[in-house]
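What follows is a set of notes on a single structure, which appears directly below.
The values are calculated or read from the model by the stated rules, or taken from the named source; none is laboratory data. Computed from a predicted structure; not experimentally measured. Quick reminder, even Gly has a Cβ in these numbers, built from the backbone with ideal geometry, and neighbours come from all protein chains shown.
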Amino acid sequence: MLLKAREESNELLICRSLNKRMNLTEKERRHYLNLEKGYEGEIQFDKLSENLHEERYIINDLLLEVNNSYFQIDTLIISQGAIHLLDIKNFKGDYYLELDKLYAVTTGREYKNPVDQLKRSAALFRQLLQNLKQNYLVETSVIFVNPEFTLYQAPMDQPFIFPTQVNRFLRDLDKTPSRLNDGHRKLAQKLISLHQTVHPFMKLPKYDYDFLQKGIYCRCCHSLMIYRKNYHFECEKCGEHEEIESAILRNVEEFKLLFPDRKVTTQSIYEWCKVGLNKKTINRILRKHYTTFGKTSDTFYE
Ligand SMILES: [Zn+2]
């Protein structure tokens, strides 16, 4: 049973937005694309694990804190006798391991060994279970989901699940009978309640309102949208149509995400959307979907 669905992280959403609205440096862009790739891989794994039959709780994207240390778990599965911590990796291409370090064959670039990260997470998670006076076997795996991934010189004793092994890993897991009780349910609820929503280590490019491209981007192909009469926006590139209200709301949410300290007002959204709509339309949409604070000229919406 899925208890916590996966969502795009704020870090990914902000980077995605900035990638459209400003020029990222090569390093920032690489970081952004890695986030996209990682998320894609996680979704891919979610689809594969949808078919588990026995009673289990699946909790995605947990960010936990123990003794001031934060750690993230891509997928946590609670079964009757064990808890699995899974780290999902969507690496593509040829890599090799040397002295516990991970390198890409073509570029020679060094990557963090996911096992180190997972070991740390597992240690902190065991600490957390101890604090909660819970006793479970904790098992960890790094799951490589991309079928075009190869890792040379990987020792057999590492907790790697390679693309050719993912289905078998899930089948084996599914073969282990599991019956959950109230204790499992309470633990799952406790873990979800401990989930931290504000990520302390977001790696974001520096950005400034004045230097961002204003406008509304197509929800399909991410090009700038053009306003057409008859209550629609149209994308000239892919032909996507979107109702005014939906497009404006999407842009308001993007504005709030990028600038949590700025007030949502008719004027600020008018400038942010920059699409030739009149302010009355924007005002009507804000009133309909948000709570109004203040009166007349200093009205804002939350
Ligand atoms: Zn489009």
* **Which listed residue, of D46, D61, is within 18 Å of V145 (Cα to Cα) and not in a helix (DSSP H, G or I)** => D61
* Structure fact -> Across region 184-224, the tally of residues that are modelled with pLDDT of 95 or more, under 25 Å from Q127 (Cβ atoms) and surrounded by fewer than 12 Cβ atoms within 10 Å (Cβ to Cβ) stands at 1
* Asked: So which residues in region 102-139 are in contact (Cβ under 8 Å) with a residue 24 or more places away in the chain, surrounded by fewer than 17 Cβ atoms within 10 Å (Cβ to Cβ) and of a type in the set (S, T, N, Q), if there are any at all?
  -> Q117, Q127, N131, Q134
* To do: Output the residues belonging to region 11-36 that are β-branched (V, I, T) and under 26 Å from Q196 (Cβ atoms).
  => I14
* Restricting region 205-233 to residues that are within 16 Å of the ligand (Cβ to nearest atom), touching a residue at least 60 places away in the same chain (Cβ under 8 Å) and under 24 Å from R30 (Cα atoms), the residue that is nearest to the chain's Cα centre (by Cα) -> H222
* Asked: Considering region 83-138 alone, what residues qualify as being farther than 21 Å from M156 by Cβ, outside any loop (DSSP other than H, G, I, E, B) and among the small types (G, A, S)?
  -> G93, A104, S121, A123
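To keep it simple, each residue is scored yes or no on (1) closer than 26 Å to P177 by Cα; (2) modelled with pLDDT of 95 or more.
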| site | (1), (2) |
| --- | --- |
| E54 | yes, no |
| D87 | yes, yes |
| N90 | no, yes |
| G93 | no, yes |
| K101 | no, no |
| A122 | yes, yes |
| N135 | yes, no |
| P147 | no, yes |
* Matching entry among E236, E271 (being surrounded by fewer than 14 Cβ atoms within 10 Å (Cβ to Cβ) and within 15 Å of the ligand (Cβ to nearest atom)) -> E236
